[in-house]
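Working notes for the structure below.
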Amino acid sequence: MTKYLISFPSGAMVVPEHDLPAVSDAAHAVVQEAKDAGVWVFGGGIDESVPPVMVNADGTVTEGTYPQTKQIEGGYSVLELPSYESALEWAAKIADACRCAQEVRAFHYDPAS
């Protein structure tokens, strides 16, 4: 089976404050459904209050990140699924719960795992 990254940037989730509890409940319900189905690998939101750093091979740490990844934030789910079509179905469930479109990407197969 293939692992899929299903994600959205923080700015895509525009929800009135009074709807946040319902969105949270719906998102937790989809996560539980994925866990019950045995497809949940990992998920969560990026803690945007912690700035990114770069760690070099020698252990040197510098502030910042690659220019092309400067805007990584938002919510992420990794699901292990039998097909791309299945990933699209789960992405639709997450989009409905979070009230915003989801991006779907497949991880390369790792024969060692």
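The values are calculated or read from the model by the stated rules, or taken from the named source; none is laboratory data. Note that the structure is a prediction, hence the values are computed from the model and not measured. Here Cβ is always computed from backbone atoms with ideal geometry, including for glycine, and neighbour counts include all displayed protein chains.
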**Request:** Please give the strands (runs of 3 or more DSSP E) falling wholly within the range 60-113 in which 3 or more residues are free of Cβ contacts under 8 Å to residues at least 40 places away in the same chain and either over 16 Å from GLY44 (Cβ atoms) or touching a Gly at 6+ places or on another chain (Cβ under 7 Å) (or both).
**Result:** 61-63
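Per-residue answers, yes or no, for (1) touching a helix residue (DSSP H, G or I) at 6+ places or on another chain (Cβ under 9 Å); (2) at pLDDT 95 or above; (3) closer than 17 Å to TYR4 by Cβ:
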site: GLU48; (1), (2), (3): yes, no, no
site: GLY59; (1), (2), (3): no, yes, no
site: GLY64; (1), (2), (3): no, no, no
site: GLY74; (1), (2), (3): yes, no, yes
site: LEU79; (1), (2), (3): yes, yes, yes
site: LYS93; (1), (2), (3): yes, yes, yes
site: VAL104; (1), (2), (3): yes, yes, yes
site: SER113; (1), (2), (3): no, no, yes
**Request:** Using the structure shown, decide if ALA29 is outside any helix (DSSP H, G or I) and modelled with pLDDT of 95 or more.
**Result:** no
**Message:** Taking the condition of being exposed (fewer than 11 other Cβ atoms within 10 Å of the Cβ) and acidic (Asp, Glu), how many residues in the range 39-54 meet it?
**Reply:** 1
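Which residue, of ASP36, ASP58, ASP25, is closer than 13 Å to ILE94 by Cα and loosely packed, with under 14 Cβ neighbours inside 10 Å? Working first, answer last.
Details: ASP36 fails: closer than 13 Å to ILE94 by Cα; ASP58 fails: closer than 13 Å to ILE94 by Cα.
Selected residue: ASP25, the only one of ASP36, ASP58, ASP25 that is closer than 13 Å to ILE94 by Cα and loosely packed, with under 14 Cβ neighbours inside 10 Å.
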